[in-house]
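Below: one structure, written as structure tokens.
Any read-out appearing in this document is the output of simple, stated calculations on the displayed coordinates, not a laboratory observation. All values reported here derive from a predicted model rather than from experimental measurement. Using ideal geometry, Cβ is built from the backbone for each residue, glycine included, and neighbour counts are taken over all protein chains shown.
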Amino acid sequence: MLDHLKTPLAKALVALAIAGAGVLSASAPATAHHAFAAEFDADQPIEIKGVVTKFKLVNPHSWLYLDVKAADGTVTNWGVEFSAPNALAQRGLSKADVKPGDEIQIKGYRSKNGGPFGYSVFATLSDGRVIQTGGAQDAPSAAAAAPVQR
């Protein structure tokens, strides 16, 4: 009854279909791994301003570290995730644009772990330029983000 599935062509098509399904399923976790929602909280917008301590242009995500002074005078070093170096370059941002000692303002979202980490959607550089630094497809817009810390 299933003799038509025993032909070489049928066997090759079945093998191709199985291989294709394997490739598709293997790529799904990679997309989920880099999702905004896995690490950051869309309900916790942040707007922070501080002095750059380190800027790491690395794949798959770049990181900016800055010292943020609270109202009581305490200083906390924050780390915020940026897009990949190539995406940042396409938007006009290079390593030369952000140096230790520069003052920078970040608008984005806080990490789910509650620590001083976040996802930067926009950065206002010391020269006044505003650069889109985030680009995750599932990230909310920073346009509506209300300031919660200075």
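Computed about the Cα centre, the dipole magnitude for segment 63-107 is approximately 180 debye when only Lys and Arg (+1) and Asp and Glu (-1) carry charge, each at its Cβ. Total lysine pairs in segment 36-144 at Cα distances under 15 Å, for residues eight or more apart or on different chains: 7. Rounded to the nearest whole angstrom, the semi-axes of the ellipsoid equivalent to segment 36-144, taken from the Cα gyration tensor as √(5λ), stand at 19, 18, 12, largest first.
Residue exposure proxy: Arg129, Arg110, ordered by other Cβ atoms within 10 angstrom of their Cβ from fewest to most, comes out as Arg129, Arg110.
Relative contact order, percent, of segment 36-144 when contacts are C-alpha pairs under 8 Å separated by at least 6 residues? Rounded, it is 30 percent for segment 36-144.
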